[in-house]
Amino acid sequence: MSFTIYLRCFNGIVLREALRFVHQKERFFSALVRPLVWLGIFAAGFRSVLGVSIIPPYETYIPYEVYIAPGLIAMIQLFNGMQSSLSMVYDREMGSMKTMLVSPIPRWFLLISKLLAGVFVSILQVYAFLVIASLWDIIPPISGYITILPALIISGLMLGSLGMFLSSAIKQLENFAGVMNFVIFPMFFASSALYPLWKIEETSEWLYYVCFYNPFTYAVESIRFSLYSQINIEYSIGIVIFTFIFLFLSILGYDPGRGNLQKKGGK
Amino acid sequence: MGCGHQSVNNFNMSTSALSIKNVSHNFGDFKALDKVSLEIRPGDFTVLLGLNGAGKTTLYSLITRLYNNNSGSIEIYGNNVRSESVKALRHIGVVFQQPTLDLDLSVRENLNYHSSLHGISKLDARKKIDKEIARINLNDQLKKKVRSLSGGQRRRVEIARALIHEPKLLLLDEPTVGLDIGSRQLILNHVKTLCKKNKLAVLWATHLIDEIDKGEKVVIIDKGKVLDSGNVEKIVKKTKTKNIREAFNKLVDIKI
């Protein structure tokens with residue numbers, strides 16, 4: 001099968017995701033409102049409680065809003081990753097996942113295309129957020145708007161592949177609420193999104209290690225450093241490793257032979 | 001399918017559109033399919049007749065490689081679904097039991113998406129989509145969102161979609177469920193005409209006995225087993241009944 005055929009397939013999947021994104025305006029706005037509520041309300045109330053000392057990549061004292069912005073960006077991607085996996089569970093129940101899977105093009109390619117399409121949508125959301133966040137004086141150096149892009153791609157891939165793996169493992173659509181409670185909230189709170197890790201270490205050592213090894217922390221920190229045009233090698237390598245693990249598991253989950261697809265009776 | 005086995009040997013493999021041999025499938029302890037064999041040749045309209053839960057959808061999932069078959073073999077125009085899945089899948093068009101169109105996208109956007117999944121170029125896709133959509137008389141609906149179409153129209157779009165990449169084997173899983181009599185008849189006639197004109201092999205799964213016409217091939221399946229198969233007349237004669245409805249009742253009842 002030639003390169004052009006793969007390319008057409010990839011374009012088709014991305015175009016479909018983009019069209020769905022355009023048609024579902026509510027999804028776009030709710031994706032924006034969520035981090036803005038955190039920024040406008042939570043951060044305003046919390047800034048007086050928590051003093052943030054100078055930690056890399058920041059060079060001066062920063063307001064709390066500035067500290068949590070990268071965490072909120074990662075949250076946009078986390079929700080997007082989970083939502084596109086929600087749409088996969090939904091798609092599969094509605095059967096349109098089946099139409100994709102019966103394409104003669106290899107399944108791993110279809111899944112990765114779908115994943116990249118979701119990342120593309122999440123990046124649009126993040127830039128929209130950054131524009132509005134500038135009203136709160138969250139203004140990184142101009143170069144940060146460009147250097148954040150690679151970090152967004154890789155963290156989007158990691159969170160998207162996590163969602164895809166979960167979508168192959170979730171039995172029914174109803175259980176997705178459980179994923180919100182058992183995946184999204186713990187990942188978000190047990191990370192460096194809302195408070196620096198050294199603060200957590202002061203309180204509880206085991207919680208510190210949970211946060212430290214949480215893949216979401218890697219996403220948050222990669223985004224934080226890249227927003228200031230810096231790179232943190234450890235986090236970057238970690239995120240790539242996590243991406244490969246989740247991607248491998250999700251391709252396994254959708255494998256017709258051993259996958260979880262059959263355990264559900266395929267409906 | 002008793003007679004199926006012999007005909008496999010008599011026919012050159014390339015003449016067989018779909019050849020299923022001794023396929024069994026379990027979900028845990030539940031035996032969904034038990035040594036199913038059947039054979040379809042190009043131009044055959046074959047009805048897979050069975051009640052809900054007989055194993056029809058499982059069989060379709062195996063043919064389309066949503067799951068792997070762990071026993072027996074499935075070949076589409078001589079290509080094994082497991083070992084030559086790319087070639088095998090290229091030949092089939094599928095209409096699933098559940099609706100699978102994107103409701104928020106237009107008819108054309110849905111069909112474009114499907115074309116891209118088969119690697120068809122934009123120009124080529126345009127021609128093919130126009131051709132298929134004209135065949136089902138929905139030209140004026142191309143720009144409309146699928147949500148605004150009726151159930152019967154949506155099904156016709158799904159059939160058109162299944163034909164865009166010019167498959168040689170069309171699989172339909174209970175395509176008329178939930179539709180009114182008019183739409184049912186329209187869709188049934190449409191597919192039967194395609195079958196005759198284009199030498200398309202069709203496997204039509206249903207539990208609606210009145211969709212079977214004289215002279216057609218029927219495979220009766222119940223609890224994962226093929227009870228009988230062949231021409232309607234042959235089955236009626238063999239079971240010593242008056243019509244296929246009675247024959248079906250008799251066959252299925254015996255096994256219950």
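List the lysines whose alpha-carbon lies under 19 Å from that of B:Lys240, not counting same-chain residues fewer than 8 positions away?
B:Lys214, B:Lys217, B:Lys250, B:Lys255
Any idea which of B:His114, B:Asn139, B:Leu149 is furthest toward the positive side of the dipole for the stretch B:106-166, if Lys and Arg beta-carbons carry +1 and Asp and Glu beta-carbons -1?
Going by the Cα projections, it comes out as B:Leu149.
Against the empirical 2.2 N^0.38 Å scaling, what ratio does the C-alpha Rg of the stretch B:1-156 come to?
For the stretch B:1-156, the normalised Cα radius of gyration comes out at 1.20.
I need the calculated FRET efficiency for the pair B:Lys197 and B:Thr241, taking r as the beta carbon distance and R₀ as 25 Å, to the nearest 0.05.
0.15
Between A:Thr203 and A:Gln24, what length in nm is gained on full extension when 0.36 nm per residue of separation is reduced by their alpha carbon distance?
60.2 nm
Rounded to the nearest 20 Debye, what is the dipole magnitude of the protein assembly as shown about its Cα centre when Lys and Arg each give +1 and Asp and Glu each give -1 at the C-beta?
Using only the charged Cβ atoms, the result is roughly 2520 debye.
List the residues, sorted by chain then number, that are 5 or more residues from B:Arg82 or on another chain and whose placed amide H is less than 5 Å from its amide H.
It is B:Ile74, by chain and number.
Run through all the Cα pairs of the stretch A:16-264 and give the fraction in each 5 Å bin from 0, expressed as whole percent.
Bins of 5 Å from zero give 1, 6, 13, 18, 19, 16, 11, 7, 4, 2, 1, 0 percent of pairs.
If you place +1 on the Cβ of every Lys and Arg and -1 on the Cβ of every Asp and Glu, how big does the dipole about the Cα centre of chain A come out, in debye to the nearest 20?
The dipole magnitude comes to about 1200 debye.
Classify the stretch B:185-256 as rounded, prolate or oblate from the Cα gyration tensor: take a ≥ b ≥ c as the square roots of its eigenvalues, call it rounded if a/c is under 1.5, otherwise prolate when a/b beats b/c and oblate if not.
Judged from the Cα gyration tensor, the stretch B:185-256 comes out prolate (a/c at least 1.5, a/b above b/c).
Can you send over the solvent-accessible area of A:Met75, 1.4 Å probe, protein chains only, in Å² to the nearest 10?
10 Å²
Starting from the coordinates of the alpha-carbon atoms of the stretch B:106-166, obtain the Kirkwood hydrodynamic radius over all distinct pairs and give the value in Å to one decimal.
11.2 Å
Over all residues in A:102-109, what is the mean tally of Cβ atoms on other chains that come within 10 Å of each residue's Cβ?
Shielding by partners across A:102-109 averages 6.
How many lysine pairs does chain A hold where the Cα atoms are under 21 Å apart and the two sit 8 or more places apart or on different chains?
Lysine pair count for chain A: 11.
What order, most packed first, do the peptides B:171-178, A:66-73, B:62-69 have when packing is the mean number of other Cβ atoms within 10 Å of each residue?
In descending order of packing, they fall as A:66-73, B:62-69, B:171-178.
Taking the protein assembly as shown, how much of its Cα-Cα pair set, in percent, is spaced more than 31 angstrom apart?
52 percent
Measure nothing fancy, just the Cα-based angle from helix A:107-133's long axis to the longest principal axis of chain A, in degrees from 0 to 90, nearest 10.
That works out to roughly 30 degrees.
May I ask you to evaluate 6.51 cos²θ - 1.76 cosθ + 1.60, the Karplus curve with θ = phi - 60°, for each residue of the stretch B:177-185 and list the ³J(HN,Hα) values in order in whole Hz, giving x for glycine and proline?
Going residue by residue, I get 5, x, 9, 6, 4, x, 5, 4, 4 Hz, with x marking Gly and Pro.
Can you list the residues, at least 5 places off or on another chain, whose amide H is less than 5 Å from the amide H of B:Lys31, using H built in the peptide plane?
Long-range HN contacts for B:Lys31: none found.
Shape call for the stretch A:173-214 from the C-alpha gyration tensor, a ≥ b ≥ c root eigenvalues: rounded (a/c under 1.5), prolate (a/b greater than b/c) or oblate?
Taking the square roots of the gyration eigenvalues as a ≥ b ≥ c, the stretch A:173-214 is prolate.
For n ≥ 4 DSSP H runs only, could you compute -39500 (n - 2.57) per run for chain B, divide by its residues and tell me the 222 nm figure to the nearest 500?
-11500 deg cm²/dmol
Put +1 on the Cβ of each Lys and Arg and -1 on the Cβ of each Asp and Glu in the stretch B:1-144; which of B:Asn79, B:Ile20, B:Asn68 then has its Cα farthest toward the positive end of the dipole?
B:Asn79
When we measure straight from the Cα of B:Lys21, which aspartates and glutamates land under 14 angstrom away, once same-chain ones fewer than 8 places off are left out?
List returned: B:Asp34, B:Glu39, B:Glu75.
Relative to the longest principal Cα axis of chain A, at what angle does helix A:215-227 sit, 0 to 90 degrees, rounded to 10?
Taking the Cα atoms of chain A, the angle to A:215-227 is about 60 degrees.
Any idea what angle helix B:107-117 forms with the longest principal axis of chain B, computed on alpha-carbon atoms, 0 to 90 degrees, nearest 10?
70 degrees
In angstroms, what radius of gyration and Dmax does the stretch B:131-224 have, counting Cα atoms only?
When restricted to Cα atoms, the stretch B:131-224 yields Rg and Dmax of 13.8, 44 Å.
The values are calculated or read from the model by the stated rules, or taken from the named source; none is laboratory data. Note that this is a predicted model, so its numbers are computed, not measured. Here Cβ is always computed from backbone atoms with ideal geometry, including for glycine, and neighbour counts include all displayed protein chains. Please note that ligands, DNA and RNA were not included when accessible areas were found on the heavy atoms of the full protein model with its side chains. Shrake-Rupley method; radii C 1.70, N 1.55, O 1.52, S 1.80 Å.
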